[in-house]
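The next block holds one structure in the form of structure tokens; read it before the comments.
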Amino acid sequence: MMTYISILRGINVSGQKNIKMDALKEVYEDLHFTNVQTYIQSGNVVFQCDKSEQKDLALRISQLLQKKFGFNIPVIVLEIAELKSIIRSNPYQNDPSRDISHLHVTFLASGPEPFDINTIDPYKSPNEELTLTEKAVYLYCPYGYGKTKLTNAFFENKLKTGATTRNWRTTTELLHIAEKLNT
């Protein structure tokens, strides 16, 4: 059995696409996934199943969510090693001058399309920082994520791939849950 982390985009935000975590867990169990665990209300699910292609898993989950709830929900699926690598690669996490509560990770569904990163600068607030990789965008938003223009929709438009963002605490907790489940 493999352990996977899935991150859903846009559920339970501003009263939109409301899904109770028990109902979300049932969707995963209907797909015959085991040891399904949700984390907070924003669509984070850790589960186990036979080894599968992540894009296939994401599609199966998304299709069943569409069927059960009637709206499209993009899903990104990661293996533990990928999430570890994303966490380890965060260039801002060990900087003592940064408040960790202002760190965020925008997970990317696929590698970004080529573009000039300097075109993002006009959208950044003062002191905001970002680092782009193939799998994630690391954000430091000192005024809070709610005030940044560097949103999921912004990155989806610029990078031409799906995106969903989690704060640093949620990101590291998902790894903790997955590793605990994997032992």
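The values are calculated or read from the model by the stated rules, or taken from the named source; none is laboratory data. Note that this is a predicted model, so its numbers are computed, not measured. Positions of Cβ are backbone-derived with ideal geometry, glycine not excepted, and every protein chain shown enters the neighbour counts.
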Q: Identify all residues within region 55-72 that are surrounded by 19 or more Cβ atoms within 10 Å (Cβ to Cβ) and in contact with a helix residue (DSSP H, G or I) (Cβ under 9 Å, 6 or more places away or on another chain); write none if there are none.
A: I61, L65
Q | Residue count for region 72-103, restricted to those that are part of a loop (DSSP other than H, G, I, E, B) and among the hydrophobic types (A, V, I, L, M, F, W, C) | A | 1
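Yes/no per residue for (1) surrounded by fewer than 20 Cβ atoms within 10 Å (Cβ to Cβ); (2) within 16 Å of the chain's Cα centre (by Cα); (3) within 23 Å of L59 (Cα to Cα):
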| site | (1), (2), (3) |
| --- | --- |
| T106 | no, yes, yes |
| E129 | yes, no, no |
| L150 | no, yes, no |
| E179 | yes, no, no |
Q | Test: I177 is in a helix (DSSP H, G or I) and assigned by TED's automatic domain parsing to the domain that holds I7 | A | yes
Q: Working only within region 34-49, note down all residues that are at pLDDT 95 or above and surrounded by fewer than 16 Cβ atoms within 10 Å (Cβ to Cβ).
A: T34, N35
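Yes or no, residue by residue, for (1) over 25 Å from S6 (Cβ atoms); (2) charged (D, E, K, R); (3) modelled with pLDDT of 95 or more; (4) over 18 Å from the mean Cα position of the chain (by Cα):
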residue	(1), (2), (3), (4)
F69	no, no, no, yes
R88	no, yes, yes, no
D95	yes, yes, no, yes
P114	yes, no, no, yes
Q. For region 127-161, which residues satisfy the criterion of being of a type outside the set (V, I, T) and more than 20 Å from P114 (Cα to Cα)?
A. N127, E128, Y140, C141, P142, Y143, G144, Y145, G146, K147, K149
Q) Among the residues of region 112-131, which ones are closer than 16 Å to Y145 by Cβ and without any contact (Cβ under 8 Å) to a residue 24 or more places away in the chain? A) P126, N127, E128, L130
(Q) Can you confirm whether I117 is of a type in the set (V, I, T) and surrounded by fewer than 16 Cβ atoms within 10 Å (Cβ to Cβ)? (A) yes
Q) Based on what the data block shows, is E29 modelled with pLDDT of 95 or more and within 30 Å of E128 (Cα to Cα)? A) no
